[in-house]
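Derivation of every value follows stated rules applied to the coordinates shown; laboratory data play no part. Every value quoted in this text rests on a predicted model; they were computed, and no experiment measured them. Every residue, glycine as well, gets a Cβ built from its backbone with ideal geometry; the counts of neighbours run over all protein chains shown.
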Amino acid sequence: MSLWSRFCLLLVLCLLTLLFFLSFSTYADTTSVVLHPPSHPVVSANGSTAVGAGHPLPHILLVSAFFPLSKSKHTMGEYEYWLERFLQPITTDIYFYTPPDMESLVRKCRGDRPITIDTTYPSPFAIPPLDGMRERYHEMHALDREQFRHSPELYAVWNAKEFFLDEAVQARSRAGKEYDYAFWNDAGSFRSPHKYVSWPDPQRVQEVWQQGSALTGVKPDELLFFPLTGMPHPRMRYWTQDHGPVDNEFSEGSFFGGSPRTIAWWRRTFYAYHDHYLALGLFVGKDQTVINALFLLFPSRIIGVWLGDPDAPAHVGLLPLVDEGPLGNCGSEWFYYQFWLAAPAEQAASRADWESNSRWQWGWWRQRQECRVTRVVAMQDLLRRRFGPDWNPPLHTVNTE
């Protein structure tokens with residue numbers, strides 16, 4: 001055997017030994033890497049379930065919409081499949097916006113489960129915040145760096161979410177139904193079969209907001225939740241309000257929410273800045289870029305989850321390019337929040353599904369890849385970690401009342 005062959009063999013053996021050691025050292029104490037595991041509910045003498053004494057489980061509303069685009073890269077069959085994955089298994093109350101000619105499809109996808117279908121608006125351009133803006137949006141299309149894949153219709157769908165969420169909560173309140181939390185959920189966000197039923201899990205939601213309040217010092221009913229996909233570029237440390245929307249991979253717009261009070265604040269704030277930036281001639285077609293700007297202006301009110309957080313305790317021991325993801329085998333990384341907000345039993349069932357599809361068959365390796373539950377993050381803490389401990393939010397002067 002040549003010297004080079006011996007060297008290569010030794011290198012391979014060393015790498016295998018390192019991976020073997022890491023797999024056992026990481027899982028020797030799983031409690032050190034799974035932060036804030038959901039606790040079991042407390043059942044009172046009268047049979048009601050609570051997170052703790054005096055804390056009944058919150059009532060939750062999911063809000064969504066489906067407005068077909070005149071030109072889309074997806075077929076109606078694909079949309080119907082995704083709608084079924086969302087509407088059929090999940091038992092949480094749902095309020096759904098769609099044009100009149102789509103009502104029967106939505107009802108079919110929901111099956112026998114209750115749902116409120118609102119057909120008031122034939123198009124997102126018909127909602128009050130976007131009424132009369134169709135021409136402006138067509139003009140703005142020229143400013144979009146991704147205009148080859150986006151359309152003015154799609155901008156309107158994206159920018160209608162804040163209105164739809166708040167309006168649905170108000171409509172249910174007028175009908176005598178009050179909710180503690182409401183969340184926008186993209187209609188096409190459940191793209192494959194899953195194990196989620198009572199989702200998001202009320203107890204998990206309660207825990208997340210309690211932890212978020214402890215991190216921020218802000219009352220739970222003043223906190224807004226967003227999943228995160230990354231951090232803004234370091235130069236955003238010097239960003240100010242009138243620099244406009246932030247075109248970085250930062251927020252995810254497919255799911256967000258909070259208390260009715262916070263949802264109402266978010267609606268006012270989002271459209272105030274949408275209109276302000278539009279008046280400055282800036283591009284506001286992609287809702288995430290406006291959301292990113294609001295994160296920088298109002299970080300104390302934002303909590304979230306970030307799968308790729310390199311400093312999270314749950315990330316310890318996992319290696320880039322070796323392990324199946326930043327937190328193990330968690331399915332689609334964009335939709336990690338679905339797993340993260342699920343009940344423990346549904347999380348376990350999801351892990352089993354993902355494990356069965358693992359590309360490796362070694363038992364010890366598959367155990368190493370089990371999807372982990374990471375921590376709640378506070379936006380202000382994340383931004384100071386990114387920009388430096390002396391960073392403070394820029395001055396905001398736009399009237400949001």
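Before moving on, here are some points about what is shown:
- The lysines within cross-link reach of Lys108, meaning a Cα-to-Cα straight distance under 21 Å and a gap of 8 or more places when in the same chain, are Lys195.
- Within straight-line cross-link reach of Lys286, lysines at Cα separation under 16 Å, skipping those fewer than 8 residues along the same chain: Lys161
- Shown in residue order for region 66-83 are the 3J(HN,Hα) couplings computed by the Karplus curve 6.51 cos²θ - 1.76 cosθ + 1.60 at θ = phi - 60°: 9, 10, x, 8, 5, 10, 9, 7, 10, 7, 5, x, 5, 4, 4, 4, 5, 4 Hz (x for Gly and Pro).
- Computed label-point distance, nm, for sites Thr120 and Lys73 using a 7 Å Cα→Cβ extension: 3.3
- Amide H contacts for Leu61 (H built 1.01 Å from N in the peptide plane; partners 5 or more residues away or on another chain; cut-off under 5 Å): Tyr181, Ala182, Phe183.
- Nitroxide proxy distance, nm - points 7 Å out along Cα→Cβ at Thr91 and Lys108: 2.7
- Protection-proxy order for peptides 189-201, 152-164, each taking the mean of Cβ atoms within 10 Å per residue, highest first: 152-164, 189-201
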